[in-house]
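This report refers to the structure that appears directly beneath it.
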Amino acid sequence: MKFKSNIFSQSSSQLEKIYLLFFPFGVQVAVYFLFFIMPISTKAQQLPQYSNYLFNNYGINPAFVNKGSCLEIRVGQRKQWIGFPNAPQTTFLSTNKIFGKKPFRNSWHGAGFYLEQDKQEFMKTEAFYPSYSFHLRVAEGYTASFGIFTGIKLISASNGLFDASDPAFTFSERVIVVPDLVTGARLYSKENFFDLSVRQIYKNKIQLGKKKIGTPSKLVPHINFMMGRRIESKAYYYSYLPSVNLKFAFFAPPAVDLSFMMFVKNQIGFGLSYRYNDAIIGMLQFKYKKLLTLALSYDYILSGIRLGASQSREIMLGFSSCPPGQDLSKATGCPAYDH
């Protein structure tokens with residue numbers, strides 16, 4: 001009983017610390033967006049979204065790179081609005097690695113690639129992005145990085161859901177190849193991180209049938225801002241990671257995720273997230289010997305779409321080539337990578 005009492009008293013003191021540290025860091029920004037920007041809600045989704053966005057940080061911001069000099073591989077799938085026929089489904093595969101990082105150097109490089117497939121209704125988008133990032137120590141404990149994805153998108157349509165005689169779907173040209181550009185910047189330390197990325201900078205016009213059928217639509221730039229703070233208990237038994245994820249496109253209302261993760265011995269993680277006017281999300285993470293990490297999330301839909309589909313799910317898997325005993329304590333860490 002004494003052991004349990006110590007655990008509960010330690011947790012209580014840590015909750016007070018979380019409140020005092022997180023309020024000035026993130027809640028003021030979140031409250032601003034909740035009450036002044038988000039009264040209008042977005043109705044369209046042009047890019048895939050992820051509930052466990054920190055686990056796929058590299059896919060959102062090319063300035064992100066793993067902590068050590070080891071190769072990092074992550075794969076995942078999101079099934080959105082389960083129950084709807086032909087609902088959105090997204091799959092990704094990524095790898096990235098640091099190069100040229102030495103104890104006496106103030107700068108180093110990162111490289112990798114990101115693959116993503118997104119299917120919605122009769123449309124499918126497949127993207128391939130090689131990446132490069134530059135990292136520079138700018139202050140004691142802080143590093144700034146700048147990254148870029150330069151790749152292509154293959155956008156295709158199928159007439160399987162429509163009348164085969166419909167002239168809008170009888171054309172032979174069903175795949176469009178367009179260039180794409182994503183830029184990102186971040187400032188991070190072992191406790192804090194601030195991310196900013198812009199996707200679809202190259203504003204492509206999409207029109208099938210040799211540009212003879214339909215009104216051309218445009219891929220508009222999307223901005224993504226994230227920030228978070230890692231809080232450790234005195235004995236490093238518990239750690240906490242509150243974060244904010246803001247997404248918006250030009251001339252469109254934003255979407256905001258507020259997340260809180262709790263980790264036990266950096267091996268098992270539990271989390272809750274709230275996406276404004278859309279979903280409440282539960283998250284779990286399991287780590288095996290620093291080599292494999294399994295991340296799961298479940299969205300309970302709050303919007304009117306729950307009448308037809310009340311849930312979305314994600315499963316992600318991470319693999320690190322670092323040996324389990326390798327010491328990464330002296331590396332310039334980032335709370336988004338550590339979890």
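The values are calculated or read from the model by the stated rules, or taken from the named source; none is laboratory data. What you are looking at is a predicted structure, and each value in this text was computed from that prediction instead of being measured. FYI the Cβ positions are ideal-geometry reconstructions off the backbone, even for glycines, and counts take in every protein chain you see.
Rundown of residues vs (1) out of contact with any His (no Cβ under 8 Å at 6 or more places or on another chain); (2) surrounded by 20 or more Cβ atoms within 10 Å (Cβ to Cβ); (3) at pLDDT below 80; (4) in a loop (DSSP other than H, G, I, E, B), yes/no style:
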residue	(1), (2), (3), (4)
ASP299	yes, yes, no, no
ALA309	yes, no, yes, yes
PHE319	yes, no, no, no
PRO324	yes, no, yes, yes
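When the range 250-279 is examined, which residues are found to be assigned to a strand (DSSP E or B), touching a residue at least 60 places away in the same chain (Cβ under 8 Å) and either touching a Pro at 6+ places or on another chain (Cβ under 7 Å) or polar (S, T, N, Q) (or both)? Hits for the range 250-279 are SER259, SER273.
Per-residue answers, yes or no, for (1) modelled with pLDDT of 95 or more; (2) closer than 25 Å to GLN311 by Cβ:
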position	(1), (2)
MET226	yes, yes
TYR238	no, no
ALA255	no, yes
LEU258	yes, yes
GLN267	no, no
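Within the range 99-134, being out of contact with any Lys or Arg (no Cβ under 8 Å at 6 or more places or on another chain) and of a type in the set (A, V, I, L, M) holds for LEU115, MET123. Within the range 83-98, the only residue that satisfies the criterion of being free of Cβ contacts under 8 Å to residues at least 24 places away in the same chain and either part of a strand (DSSP E or B) or among the aromatic types (Phe, Trp, Tyr) (or both) is LEU93. Across the range 168-191, the qualifying residues are those that are over 30 Å from PHE64 (Cα atoms) and modelled with pLDDT of 60 or more, and the one among them that is surrounded by the most Cβ atoms within 10 Å (Cβ to Cβ) is ARG174.
Selection of the range 280-293 for residues being touching a residue at least 24 places away in the same chain (Cβ under 8 Å), in a strand (DSSP E or B) and surrounded by fewer than 14 Cβ atoms within 10 Å (Cβ to Cβ) yields only LEU292. Select from the range 99-109 the residues that are out of contact with any strand residue (DSSP E or B) (no Cβ under 6 Å at 6 or more places or on another chain) and either within 12 Å of GLY318 (Cα to Cα) or in contact (Cβ under 8 Å) with a residue 24 or more places away in the chain (or both) and list them in ascending order. Scanning the range 99-109 gives a single hit, PRO103.
Considering only residues in the range 58-74 that are within 11 Å of the chain's Cα centre (by Cα) and not in a loop (DSSP other than H, G, I, E, B), the one that is nearest to ASN245 (Cα to Cα) turns out to be ILE60.
Selection within the range 261-271: residues that are surrounded by fewer than 18 Cβ atoms within 10 Å (Cβ to Cβ) and touching a Leu at 6+ places or on another chain (Cβ under 9 Å). The member of this set that is nearest to ILE301 (Cα to Cα) is PHE270.
When ARG137 is tested against (1) at pLDDT below 90; (2) surrounded by 14 or more Cβ atoms within 10 Å (Cβ to Cβ); (3) more than 20 Å from the chain's Cα centre (by Cα), just one condition goes unmet, and that condition is (1). Residue pairs whose Cβ atoms lie under 7 Å apart, separated by 6 or more positions or on different chains, with the first residue in the range 223-248 and free of Cβ contacts under 8 Å to residues at least 60 places away in the same chain and the second surrounded by 19 or more Cβ atoms within 10 Å (Cβ to Cβ) and of a type in the set (Asp, Glu), are PHE225/ASP195.
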